[in-house]
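Everything below concerns the one structure shown next.
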Amino acid sequence: MTRGATAPPARALAGDATEADRATVARRTSVYVYEVPVRLWHWINAAAIIVLCVTGYLIGSPPPTMIIAEATHQFVFGYIRFAHFAAAMIMTVGFFGRIYWAFVGNHHSKQMFMLPVWKRSWWAEVWHEVKWYAFLERTPKKYVGHNPLAQIAMFFFMTVGMTFMIVTGFALYAEGAGAGTVLHTIAAPFLAWIGNSQVLHSIHHLGMWFIVIFMMIHIYAAIREDIMSRQSMVSTMISGTRTFKDDRPD
Amino acid sequence: MDQIETFYDVMRRQGITRRSFMKYCSLTAAALGLGPSFVPKIAHAMETKPRTPVIWVHGLECTCCSESFIRSAHPLAKDVVLSMISLDYDDTLMAAAGHAAEAAMADTIERYKGEYILAVEGNPPLAEDGMFCITGGKPFVEKLRYAAKDAKAIISWGACASYGCVQAAKPNPTQATPVHKVITDKPIIKVPGCPPIAEVMTGVITYMLTFDRMPELDRQGRPKMFYSQRIHDKCYRRPHFDAGQFVESWDDDNARKGYCLYKMGCKGPTTYNACSTVRWNEGVSFPIQSGHGCIGCSEDGFWDHGSFYDRVTDLTQFGVEANADKVGFAAAGVVGGGIALHAAVSALKSAQVKSQSKPTVQNEEA
Ligand code: HEM
Ligand code: SF4
Ligand code: SF4
């Protein structure tokens, strides 16, 4: 029990805290970056995308025929498609909500939608980050939000990629809804521009792999950064706070 | 210019009775999806309106559209429409031949300037100044331009005229080109299919002859009444699709039970046509009913979209002989390998850094 008189009561630590711990915590090396809507969106979106990828793949290559009942009473493929469409609606509504939050949320909530390509300093940081990933740089920089490389990935895979999947997906959905529906009326110019709908299926399908590849890189980079960088990653998307492992200012 | 006969005059001259004529009118109304109240309207139009002349030209094609047309299920419609068309010009069906035939075309164009309908079967090849298709001693593209100049509207029969079809498939050596890319200043109705369904053809032409206007078209220029639904939307095997009951290989038990042909590459989900409702050969059957998937014959570039027997097709239209899954899986494999390698190097590097900086770390913790 070494309750120091200098420590403010709000920072009171449990009995096992050492002087060093106290010194570290006193410097307050955590920042609140991801607000609740951003974190909520992240995990709902992740779940929706996993459902979309699994069911989407099955829509292209259906599971083996099941004969449980007469066709009238069996709806296996129908449920797979329903899950795809339901997850699609959740993802789309979430995406719009996320765009809304970019307007009202904090600075970091805007990063996914906008690359500051006009800033020289940003490009310098991109280059630094590329070198860090190429093992040419010994120490990574500290970032409160996304590092610039992650920001580029977010922008192209999520903002652009998801927009692509939503546009092509809803165009496919409009075909099912049929001519005369509001959705089809909206999608009609796009469908006519595409021409043969088989192309639409193919590019929507390719889009899935684009997103799968992003997920692989994203998860790897998040875990690696969590271990090797100077800040927290995975837990930040759970708690919202970014913690730093050192207090060097650079 | 002599007085143009009415449709009714022509029919009576062809020996068609009034009774048959009324039957034809109700049949037409039914074929076009119109209510019985339209029957007297059609009859009135046919009795009073001068008939619309039709010129029917043939470019690079196999004549399957004509073959389909003359097999229309409603013989009356076929006979009437055919006899009216053959009055003007159709180099395949008309009695005249050679110079007499070409003179008939020139005569029709001269007499009915701006009033006739030009029906085009096949398409013009543009390479080598159009030398790959010569009709009447001239490249077809010239004849097409000549006939189109004074036409009121153009009907593009079949996949050839509408989209190019097999002769326009990659690499398209003769540069076969669909009609709307050659004639750009006339209203064009696309009636795609290889061939189009006979009843669809007679339906479209009867509509235009009787109502003297174009049927309502979709954004690709196809008549909405026949092309606004996919084969898949009205396919009688659809319950098996929703159930997840598929033909897994030709001649398996599921094929005998008539399950869905999705896994056998059926293009019903991407093909707009009336086959699953109107059917073929007097409504007897259609490809899916006969146990084979739809090959998407009424869609743009259907030869260039991979195999007829794959559902997830090769991306041949992008010059890739692999489908989205193969491309994606390979890319994911490469990225996965890259990640594994990167992770290994990262682990090595950080181990190195740790062992080098051990003293300072201990100092900090001390
Ligand atoms: C991350 C997002 C998404 C992924 C990974 C995904 C994946 C897929 C895949 C792989 C297919 C099969 C394509 C084929 O080969 O025929 C598919 C089909 C489809 N997707 Fe998506 N999709 C996504 C988002 C969406 C969205 C937002 C919608 C909008 C409603 C949507 C609607 C559809 C529809 C209607 C089909 C066709 C279903 C059918 O033909 O029965 N998808 N999707
Ligand atoms: S057979 Fe073809 S058109 Fe019919 S339900 Fe199956 S996929 Fe659709
Ligand atoms: S079922 Fe498909 S391939 Fe067959 S005729 Fe109809 S549209 Fe063409």
Count of residues meeting criterion [touching a Phe, Trp or Tyr at 6+ places or on another chain (Cβ under 7 Å) and more than 10 Å from ligand 3 (Cβ to nearest atom)] in the range B:261-280:
4
Within the bounds of the range A:212-223, is there any residue that is open to solvent by 20 Å² or more (accessible area, probe 1.4 Å), closer than 24 Å to B:Gln317 by Cβ, within 16 Å of ligand 2 (Cβ to nearest atom) and in contact (Cβ under 8 Å) with a residue 12 or more places away in the chain?
no
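Can you pull out the residues in the range B:230-249 that are assigned to a loop (DSSP other than H, G, I, E, B), open to solvent by 30 Å² or more (accessible area, probe 1.4 Å) and within 7 Å of chain A (Cβ to nearest Cβ)?
Of all residues in the range B:230-249, those assigned to a loop (DSSP other than H, G, I, E, B) come to B:235-237, B:244-245, B:247-249.
Checking which are open to solvent by 30 Å² or more (accessible area, probe 1.4 Å) leaves us with B:236, B:248-249.
B:Glu248 - this is the single residue of the range B:230-249 that is assigned to a loop (DSSP other than H, G, I, E, B), open to solvent by 30 Å² or more (accessible area, probe 1.4 Å) and within 7 Å of chain A (Cβ to nearest Cβ).
Any chance you could count how many residues in the range A:160-179 are away from every other protein chain (no Cβ under 11 Å) and either among the β-branched types (Val, Ile, Thr) or within 16 Å of ligand 3 (Cβ to nearest atom) (or both)? Break it down into steps so the answer makes sense when it comes.
Quick first cut of the range A:160-179, residues away from every other protein chain (no Cβ under 11 Å) only: A:160-171, A:173-174.
In the following step, the residues that additionally are either among the β-branched types (Val, Ile, Thr) or within 16 Å of ligand 3 (Cβ to nearest atom) (or both) were identified as A:160, A:163, A:166-168.
Residues in the range A:160-179 being away from every other protein chain (no Cβ under 11 Å) and either among the β-branched types (Val, Ile, Thr) or within 16 Å of ligand 3 (Cβ to nearest atom) (or both): 5 in total.
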B:Glu216 more than 16 Å from ligand 1 (Cβ to nearest atom) and surrounded by fewer than 18 Cβ atoms within 10 Å (Cβ to Cβ):
yes
For the subset of the range A:192-211 comprising residues that are open to solvent by 40 Å² or more (accessible area, probe 1.4 Å) and facing another protein chain (nearest Cβ under 7 Å), which member is nearest to A:Phe155 (Cα to Cα)?
A:Leu206
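Quick grid of which residues meet (1) aliphatic (A, V, I, L, M); (2) within 23 Å of A:Val38 (Cα to Cα):
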| position | (1), (2) |
| --- | --- |
| A:Ala71 | yes, no |
| A:Tyr79 | no, no |
| A:Ala88 | yes, yes |
| A:Gly94 | no, yes |
| A:His108 | no, yes |
| A:Met114 | yes, yes |
| A:Val117 | yes, no |
| A:Glu125 | no, no |
Of the residues B:Ala347, B:Ala351, B:Ala340, B:Ala332, which is more than 30 Å from B:Tyr227 (Cα to Cα), more than 10 Å from every other protein chain (Cβ to nearest Cβ) and out of contact with any Ser or Thr (no Cβ under 7 Å at 6 or more places or on another chain)?
B:Ala351
The range A:180-191, residues that are within 10 Å of chain B (Cβ to nearest Cβ) and crowded, with 18+ Cβ neighbours inside 10 Å
A:His184, A:Leu191
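I'd like to verify a number: residues in the range B:177-201 that are assigned to a loop (DSSP other than H, G, I, E, B) and of a type outside the set (S, T, N, Q), how many?
As a first pass, look at the range B:177-201 and keep what is assigned to a loop (DSSP other than H, G, I, E, B): B:177-178, B:182-187, B:192-197.
Within this subset, residues satisfying the condition of being of a type outside the set (S, T, N, Q) are B:178, B:182-183, B:185-187, B:192-197.
Within the range B:177-201, residues that are assigned to a loop (DSSP other than H, G, I, E, B) and of a type outside the set (S, T, N, Q) number 12.
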Filter result (within 16 Å of ligand 2 (Cβ to nearest atom) and aromatic (Phe, Trp, Tyr)) within the range A:46-103
A:Phe75, A:Phe77
Going residue by residue through the range B:250-272, is there one that turns out to be in a loop (DSSP other than H, G, I, E, B), among the polar types (S, T, N, Q) and either open to solvent by 10 Å² or more (accessible area, probe 1.4 Å) or modelled with pLDDT under 95 (or both)?
no
How many residues, within the range B:275-289, are within 13 Å of ligand 2 (Cβ to nearest atom) and either open to solvent by less than 30 Å² (accessible area, probe 1.4 Å) or hydrophobic (A, V, I, L, M, F, W, C) (or both)?
4
Please pick out the residue among B:Gly258, B:Gly221 that is within 11 Å of chain A (Cβ to nearest Cβ), away from ligand 3 (no atom under 16 Å from the Cβ) and at positive phi.
B:Gly221
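Yes/no matrix, rows are residues, columns are (1) open to solvent by less than 30 Å² (accessible area, probe 1.4 Å); (2) under 19 Å from A:Leu206 (Cβ atoms):
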residue	(1), (2)
A:Ala47	no, no
A:Gly60	yes, yes
A:Phe75	no, no
A:Arg98	yes, no
A:Pro116	yes, no
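To keep it simple, each residue is scored yes or no on (1) closer than 30 Å to B:Pro125 by Cβ; (2) in contact with a strand residue (DSSP E or B) (Cβ under 7 Å, 6 or more places away or on another chain).
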position: B:Arg13; (1), (2): no, no
position: B:Lys41; (1), (2): no, no
position: B:Lys49; (1), (2): no, yes
position: B:Cys64; (1), (2): yes, no
position: B:Ser68; (1), (2): yes, no
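Would you confirm, using the coordinates I've provided, whether B:Ala100 is open to solvent by 10 Å² or more (accessible area, probe 1.4 Å) and farther than 11 Å from B:Ile55 by Cβ? Walk me through it before giving the result.
Values: open to solvent by 10 Å² or more (accessible area, probe 1.4 Å): yes; farther than 11 Å from B:Ile55 by Cβ: yes.
For B:Ala100, the condition - open to solvent by 10 Å² or more (accessible area, probe 1.4 Å) and farther than 11 Å from B:Ile55 by Cβ - is met.
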Determine, yes or no, whether A:Gly105 is away from ligand 1 (no atom under 11 Å from the Cβ), closer than 16 Å to A:His42 by Cβ and either touching a Lys or Arg at 6+ places or on another chain (Cβ under 7 Å) or not aromatic (Phe, Trp, Tyr) (or both).
yes
Residues of the range A:77-91 being buried (at least 20 other Cβ atoms within 10 Å of the Cβ) and among the aromatic types (Phe, Trp, Tyr), in sequence order, are A:Phe77
Can you find a residue in the range B:290-297 that is closer than 20 Å to B:Tyr163 by Cβ, open to solvent by 30 Å² or more (accessible area, probe 1.4 Å) and within 16 Å of ligand 1 (Cβ to nearest atom)?
no
Scanning the range B:271-285 for residues that are touching a helix residue (DSSP H, G or I) at 6+ places or on another chain (Cβ under 6 Å) and either free of Cβ contacts under 8 Å to residues at least 24 places away in the same chain or farther than 14 Å from B:Cys194 by Cα (or both) gives B:Ser276, B:Thr277, B:Val278
Any pair with Cβ under 6 angstrom, 6 or more apart, that starts in the range A:154-166 at a residue that is aliphatic (A, V, I, L, M) and ends at one that is within 13 Å of ligand 1 (Cβ to nearest atom)
A:Met162/A:Phe95; A:Met165/A:Gly207; A:Ile166/A:Thr92
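The values are calculated or read from the model by the stated rules, or taken from the named source; none is laboratory data. Source: prediction; values computed, not measured. Virtual Cβ from ideal backbone geometry, glycine too; neighbours counted across all protein chains shown. We work out accessible area using only protein heavy atoms, side chains counted, and drop any ligands, DNA or RNA first. Shrake-Rupley method; radii C 1.70, N 1.55, O 1.52, S 1.80 Å.
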